[in-house]
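Have a look at the structure below, then the notes.
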Amino acid sequence: MKIDLNVDVHHLTRVEGHGNIHVRVRAGKVEEARWDVVETPRFFEVMLKGKHYTTAGILSARICGICSIGHCLASVRATESAFGLEVPEAAKKLRLLAKHGETLQSHVLHLFFLAAPDFLGAPSVLPLVEKAPEAVKLAVRLKGAGNRLCDAVAGRTTHPVSLQVGGVAVLPPRARLLALRDELERTLPDLAAAADLIAGFDVPRFERETEFVSLRGESEYPFIGGRLVSSDGVARAEHEYREMTNEYAVASSTSKWCRLSRASFAVGPLARFNNNHRLLHAEAKKLAARLGLEPVCHNPFMANVARLVECVHVTHDAIRLLEETAAMGEVKTMADVAPRAGEGVGAVEVPRGILYHHYAYDGDGRIARANCVIPTTQNNANIHHDLPVLAERFAVDGMTDEKLELLCSMLVRSYDPCISCSVH
Amino acid sequence: MKYLGIEPKRLRFAVFEFTGCEGCELQLANKEETLLAFLGAVDVVEFREVSSARNGAYDVALVDGAISRTDEVERLREIRARAKVLVALGSCACFGGVNRMKNACDLDQANREVYGDHPKETLPTRAIHEVVPVDLKIPGCPVSKAEVERIVQHLLFEVPYQFPVYPVCLECKQHFTVCLFDKGQLCLGPITRGGCDAPCPAGGLGCWGCRGKAADANIDEFRSIARERAHGEREIAERLGFFGGFEEHS
Ligand code: SF4
Ligand code: SF4
Ligand code: SF4
């Protein structure tokens with residue numbers, strides 16, 4: 001059966017930012033399949049130049065409304081590394097708590113508000129408020145728990161205020177930490193219910209072998225800083241991130257592209273899982289096994305399962321950290337900061353994958369040069385190269401333009417692209 | 001959403017985004033304690049970031065982001081033509097926001113630095129009221145969801161909303177936050193419009209003025225106090241210019 005198909009999506013919905021999908025199949029052969037980012041550029045790297053170190057984290061947070069905590073953490077880490085600064089242990093724990101809060105709220109937002117409508121046959125979450133009220137309520141509870149964690153530790157969920165160069169400005173009161181622990185314990189049944197729901201999703205059967213890049217955990221599932229690794233065997237130190245990303249500008253897109261051992265690579269929950277699954281919390285491992293997620297998984301649609309697995313991991317880990325921080329007493333959470341000339345890189349695993357900020361400082365604590373490499377920038381080429389393979393695989397009897405459009409849209413959404421962030 | 005048994009009006013809302021981080025849109029899905037009530041009170045007919053439904057018929061357009069490319073100018077004009085009420089959502093939409101800082105650079109050179117041989121189209125950043133008439137401006141980076149809820153209630157019950165005229169300091173004092181300006185940090189609380197509930201000083205960061213100038217704020221007086229407290233000209237100027245809310249155009 002020689003089939004003709006056309007997909008032309010202008011400004012894909014239920015993703016952050018603006019991107020287009022074009023697919024043309026003639027007589028069963030894919031003639032064109034592309035992913036173009038058309039978001040307006042904001043020139044953050046240029047705006048960061050000349051900024052004082054006390055401003056860099058505040059400005060960088062504005063790169064992204066969804067993972068502002070991750071940007072702020074990558075930024076302060078780059079600055080601290082340039083200044084040769086070690087932050088207090090207590091601050092490290094608090095930062096990881098804020099990070100976990102962000103991972104939870106972002107993954108739940110994606111799973112229930114952006115992805116679930118595709119699997120439940122709705123245009124958005126809004127009709128689900130009536131059709132599947134229990135699912136929406138549990139999503140709201142889980143997202144709320146993540147956001148309250150961010151609020152307590154970072155001072156705010158979007159554009160954090162307490163995460164500063166040197167550590168964390170305010171230690172939340174013990175009672176608030178313990179109340180959050182109790183709240184997270186109460187959300188564990190919600191996570192189990194979410195797993196039951198997602199177990200029922202019909203995940204498209206599709207694979208394309210690719211390379212996965214992430215932080216490499218030593219003793220813990222990695223989120224903030226450390227060594228870099230790829231599933232093709234490339235290993236680098238944090239400051240060698242350029243050898244991992246090889247960013248380049250393309251004519252057709254306002255976001256750059258990246259490559260490593262192949263034409264494209266992927267970052268994100270699936271990459272973290274594939275490279276670090278052995279370090280997940282036991283409950284998260286159990287869930288992965290139950291939902292059929294096994295390393296090395298090359299089905300991009302399984303990223304949704306990896307997201308839920310990470311939600312379970314961060315919730316358990318946050319409960320542990322809340323107990324530890326509540327038991328700390330009045331400890332120091334800020335180191336003294338002495339600016340000096342030099343360069344530093346901060347790598348952080350944000351919900352959509354590994355993020356790098358790199359700054360060079362002059363002697364007055366001001367940025368001379370800045371570079372930010374965003375997860376979606378690293379995923380763009382991988383999305384682009386997935387599309388023709390997906391179209392080829394599904395250009396079979398019974399396929400229609402509408403069905404293929406849905407599949408292509410779901411594929412792009414499975415990367416949870418953060419497009420304005422990728423353009424910055 | 002009823003008050004004393006009276007049904008409010010139903011209004012159709014649409015949400016659009018331009019140059020920005022989309023953090024203001026995200027706030028619409030935050031504040032989970034009241035999210036379901038909020039969604040139940042408004043008819044959201046178009047919101048690309050969360051819905052595939054598209055519908056050109058709406059009463060209120062919430063617009064987040066600034067304007068920095070020709071296609072955005074055209075898209076914004078179309079939205080203006082369709083909307084009965086156009087609301088600027090957040091500091092990017094109200095003032096240009098942090099994006100405005102690029103206007104101080106040579107844009108060709110900025111393009112070369114970031115994109116090398118593949119320069120992209122870009123215009124100097126403008127607030128949306130510099131392109132089309134705006135009916136209501138809700139400042140904040142990001143907007144406060146609590147304030148957005150209050151404003152939506154006023155729209156539904158057809159009662160004009162009064163923005164606070166007092167500065168951030170007042171809300172900061174209500175929380176008994178230890179004053180950071182007194183402790184040596186620069187803080188724009190005394191001259192910034194309140195309504196955010198002063199989250200920044202509570203979290204250990206001086207106010208950056210994201211909501212713009214408070215009514216009757218005496219900027220010159222503030223500058224001289226800040227100078228007396230050993231804050232340099234450059235620090236003060238950078239802080240005032242950060243979100244664009246203290247400039248002529250705001
Ligand atoms: S005002 Fe702030 S939060 Fe809102 S879109 Fe602009 S940068 Fe993002
Ligand atoms: S910290 Fe800032 S906002 Fe709070 S009282 Fe002091 S000057 Fe005012
Ligand atoms: S305290 Fe200042 S910077 Fe913070 S939200 Fe309020 S107005 Fe904006």
| note | Selection from region A:401-424 of residues open to solvent by 20 Å² or more (accessible area, probe 1.4 Å), in contact with a strand residue (DSSP E or B) (Cβ under 8 Å, 6 or more places away or on another chain) and either farther than 19 Å from residue A:6 by Cβ or not charged (D, E, K, R) (or both) yields A:415
| said: Looking at (1) more than 11 Å from chain B (Cβ to nearest Cβ); (2) open to solvent by less than 10 Å² (accessible area, probe 1.4 Å), which one does residue A:106 not meet, given that it meets all the others? | reply: (1)
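Here's the yes/no breakdown for (1) within 9 Å of ligand 3 (Cβ to nearest atom); (2) over 19 Å from the mean Cα position of the chain (by Cα):
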| residue | (1), (2) |
| --- | --- |
| B:150 | no, no |
| B:166 | no, no |
| B:178 | no, yes |
| B:186 | no, yes |
| B:209 | yes, no |
| B:221 | no, yes |
| B:229 | no, yes |
| B:236 | no, yes |
| B:245 | yes, no |
| remark: Looking across region B:88-108 at residues that are open to solvent by less than 90 Å² (accessible area, probe 1.4 Å) and without any contact (Cβ under 8 Å) to a residue 60 or more places away in the chain, the single one that is farthest from the other protein chains (Cβ to nearest Cβ) is B:88
| Taking region B:109-121, which residues are open to solvent by 40 Å² or more (accessible area, probe 1.4 Å), in a helix (DSSP H, G or I) and within 9 Å of chain A (Cβ to nearest Cβ)? | B:109, B:113
| Residues of region B:178-202 classified as buried (at least 19 other Cβ atoms within 10 Å of the Cβ), part of a loop (DSSP other than H, G, I, E, B) and not hydrophobic (A, V, I, L, M, F, W, C), total | 2
| message | For region A:389-400, check the following and say yes or no: at least one residue is touching a strand residue (DSSP E or B) at 6+ places or on another chain (Cβ under 9 Å), of a type outside the set (Asp, Glu), surrounded by fewer than 17 Cβ atoms within 10 Å (Cβ to Cβ) and assigned to a strand (DSSP E or B). | response | no
| task | Specify the residue that is nearest to the other protein chains (Cβ to nearest Cβ); the eligible residues are those in region A:155-178 that are over 18 Å from residue B:177 (Cα atoms) and β-branched (Val, Ile, Thr). | result | A:158
| note | Apart from one, (1) open to solvent by less than 30 Å² (accessible area, probe 1.4 Å); (2) assigned to a loop (DSSP other than H, G, I, E, B); (3) touching a strand residue (DSSP E or B) at 6+ places or on another chain (Cβ under 7 Å) all hold for residue B:134; the odd one out is (1)
| query | Can you spot a residue in region B:152-173 that is within 16 Å of ligand 2 (Cβ to nearest atom), of a type in the set (Phe, Trp, Tyr) and away from every other protein chain (no Cβ under 14 Å)? | reply | yes
| field | Count of residues meeting criterion [within 15 Å of ligand 1 (Cβ to nearest atom) and under 17 Å from residue B:165 (Cα atoms)] in region B:185-228 | value | 9
| said: For region A:69-103, give me the residue count where each residue is closer than 30 Å to residue A:203 by Cβ and within 14 Å of chain B (Cβ to nearest Cβ). | reply: 4
| Of B:152, B:132, which residue is farther than 19 Å from residue B:23 by Cβ, of a type in the set (A, V, I, L, M) and assigned by TED's automatic domain parsing to the domain that holds residue B:64? | B:132
| residue B:215 passes all but one of (1) away from every other protein chain (no Cβ under 14 Å); (2) under 30 Å from residue B:41 (Cβ atoms); (3) open to solvent by 30 Å² or more (accessible area, probe 1.4 Å); (4) within 12 Å of ligand 3 (Cβ to nearest atom); which number fails? | (4)
| How about region A:214-269: which of its residues are part of a helix (DSSP H, G or I) and either at pLDDT below 95 or touching a helix residue (DSSP H, G or I) at 6+ places or on another chain (Cβ under 6 Å) (or both)? | A:269
| task | Please enumerate the residues belonging to region B:43-58 that are part of a strand (DSSP E or B) and more than 8 Å from chain A (Cβ to nearest Cβ). | result | B:43, B:45, B:46
| task | Scan (1) modelled with pLDDT of 95 or more; (2) part of a loop (DSSP other than H, G, I, E, B); (3) more than 14 Å from ligand 3 (Cβ to nearest atom) for the single condition residue B:161 breaks and write down its number. | result | (1)
| message | Looking at region A:41-97 only, could you name the residues that are at pLDDT below 95 and open to solvent by 10 Å² or more (accessible area, probe 1.4 Å)? | response | A:45, A:46
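The values are calculated or read from the model by the stated rules, or taken from the named source; none is laboratory data. Keep in mind the model is a prediction, meaning the values are calculated, not measured. All Cβ positions, even for glycine, are placed from backbone atoms using ideal geometry, and neighbour counts span all protein chains on display. Just the protein is used for accessible areas: all its heavy atoms, side chains included, with ligands, DNA and RNA removed. Shrake-Rupley method; radii C 1.70, N 1.55, O 1.52, S 1.80 Å.
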